[in-house]
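The values are calculated or read from the model by the stated rules, or taken from the named source; none is laboratory data. Computed from a prediction, not measured in an experiment: that's the story for all the values here. Cβ sites come from the backbone with ideal geometry, for glycine too, and all protein chains shown count toward neighbours.
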Amino acid sequence: MNPPEITPVAHWQSVAGHLLPYGRQLLDEADIHAVVSALRSDWLTQGPTIERFERRVADYCGVKYAVAVANGTAALHIAAAALDLKPGDRLWTSPNTFVASANCARYLGADVDFVDIDPRTYNLSVARLEEKLSATAKSGRLPKVLVPVHFAGQSCEMEAIATLAKRHGIRILEDAAHAIGAGYLGRPVGSCAHSDLAIFSFHPVKIVTTAEGGMVVTNCATLHERLLLLRNHGITRDPKLMEGESHGPWYYQQTELGWNHRLTDLQAALGECQMNKLDAFVARRRAIARRYDELLRDLPLTTPWQHPNTANAWHLYVIRLRLDRIKKTRRQVVEELRAAGIGVQIHYIPVHTQPYYRRLGFKDGDFPEAEKYYAETISLPMFAGLTDGDQERVVETLKGVLR
Ligand SMILES: *Cc1c(COP(=O)(O)O)cnc(C)c1O
């Protein structure tokens with residue numbers, strides 16, 4: 001079935017001096033109605049809408065279990081905790097990501113290290129991973145958890161990554177914050193065919209939104225049970241999970257230390273309604289990406305290369321400036337685009353160069369491919385509500401700046 005057509009509406013144009021953003025939500029009357037209905041219901045949190053939203057995402061991904069949480073960061077936190085990541089353990093991820101992919105290890109007292117990126121996909125490089133695993137296996141300091149990040153909405157090479165991880169007994173947690181609606185080898189990202197767990201974010205710039213929100217998905221019943229516990233203080237009401245006898249119908253037990261990472265029913269109602277439009281949103285993003293590829297063809301820049309095994313959900317559309325063929329710096333290009341009303345952004349500042357991670361011993365030059373990429377990249381406006389006219393304005397402005 002073809003996804004329904006969506007009609008982009010240029011909301012931001014009514015606000016004088018407003019930048020065309022790089023990403024934003026697309027809401028309709030059905031979304032607003034869904035949230036108002038939740039407000040009028042008996043449940044503002046921990047009600048039936050949460051389970052419906054979870055089932056919806058699980059079914060979409062073809063995965064057994066889904067656990068909704070307050071945001072993508074909380075999803076990474078309880079997912080890493082469910083894998084028993086603790087002080088003395090190590091988590092490896094990509095330096096080309098949002099800081100949350102690495103921070104989840106630090107919350108649990110574990111150490112972080114990075115694997116440099118592939119120069120074509122900007123995802124964690126399988127070749128660099130293989131080298132680093134061989135080098136590290138000798139010292140016995142292998143990671144417990146690997147977090148591949150599906151950058152911009154394009155899946156990592158999960159088959160190869162899973163083969164390497166299995167060889168060394170490493171668990172895989174996919175950071176799919178950019179990639180709900182994406183595909184890999186004919187399956188939806190989030191199917192967990194090559195991982196223990198995957199997480200999504202529903203921040204407004206992501207593919208579908210709940211304002212703040214996130215989800216962990218898994219096929220493992222044991223991990224699912226732990227995720228439910230960790231989302232809710234480590235508390236259970238299930239007598240089967242208790243130590244000793246239940247005292248009665250009021251009784252609950254805290255069996256370990258968890259957090260309050262719950263999502264509200266208002267947000268779940270929005271998420272459930274947004275899921276109706278996921279395929280249409282991704283179809284629109286794909287059309288925008290194809291058009292950018294076309295319109296930017298003759299400019300001194302590199303458009304995003306697509307691995308044949310992947311079907312991108314296009315959270316981001318990143319270009320790489322050919323600085324050898326331009327008379328301006330990347331900073332000048334960004335500043336001139338912003339001055340002309342095009343709200344471009346940079347994804348990402350390599351995580352290991354953040355002051356917090358420098359204090360842990362990382363330095364410039366540690367992950368040269370991610371640093372080189374960072375120096376040349378710009379994210380152009382990309383969201384389901386971007387109109388053809390907006391896109392032409394982006395391209396014409398960019399042409400003028402690069403001329
Ligand atoms: C957005 C994002 C997160 C965190 O999600 P929040 O919902 O903002 O907490 C984690 N990882 C990546 C790669 C992201 O882009």
Practice problem: Inspect region 169-185 for any residue being within 13 Å of the ligand (Cβ to nearest atom), under 24 Å from C61 (Cα atoms), modelled with pLDDT of 95 or more and of a type in the set (K, R) and give the result as yes or no. | Solution: no
Quiz item: Restricting attention to region 321-335, does a residue exist that is crowded, with 20+ Cβ neighbours inside 10 Å and of a type in the set (S, T, N, Q)?
Solution: no
Exercise. Taking only region 67-90 into account, find how many residues are over 18 Å from M215 (Cα atoms) and either out of contact with any helix residue (DSSP H, G or I) (no Cβ under 8 Å at 6 or more places or on another chain) or free of Cβ contacts under 8 Å to residues at least 60 places away in the same chain (or both).
Key: 6
Practice problem: Filter region 197-220 down to residues that are of a type in the set (A, V, I, L, M), near the ligand (Cβ under 8 Å from one of its atoms) and under 19 Å from F383 (Cα atoms), then give me how many there are. | Solution: 1
Quiz item: Which one is farthest from Y184 (Cα to Cα), of the residues in region 121-161 that are away from the ligand (no atom under 16 Å from the Cβ) and not in a helix (DSSP H, G or I)?
Solution: G140
Quiz item: Hey, does region 386-402 have a residue that's of a type in the set (D, E, K, R) and closer than 24 Å to R120 by Cα?
Solution: yes
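Taking V318 as the residue in question, decide whether it is crowded, with 16+ Cβ neighbours inside 10 Å and farther than 22 Å from D175 by Cβ.
Answer is no for this residue.
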Quiz item: How many residues are surrounded by fewer than 19 Cβ atoms within 10 Å (Cβ to Cβ) and of a type in the set (K, R) when one looks only at region 221-237?
Solution: 1
Quiz item: Mind checking which residues of region 239-255 are part of a loop (DSSP other than H, G, I, E, B), surrounded by 13 or more Cβ atoms within 10 Å (Cβ to Cβ) and in contact with a helix residue (DSSP H, G or I) (Cβ under 9 Å, 6 or more places away or on another chain)?
Solution: S246, T255
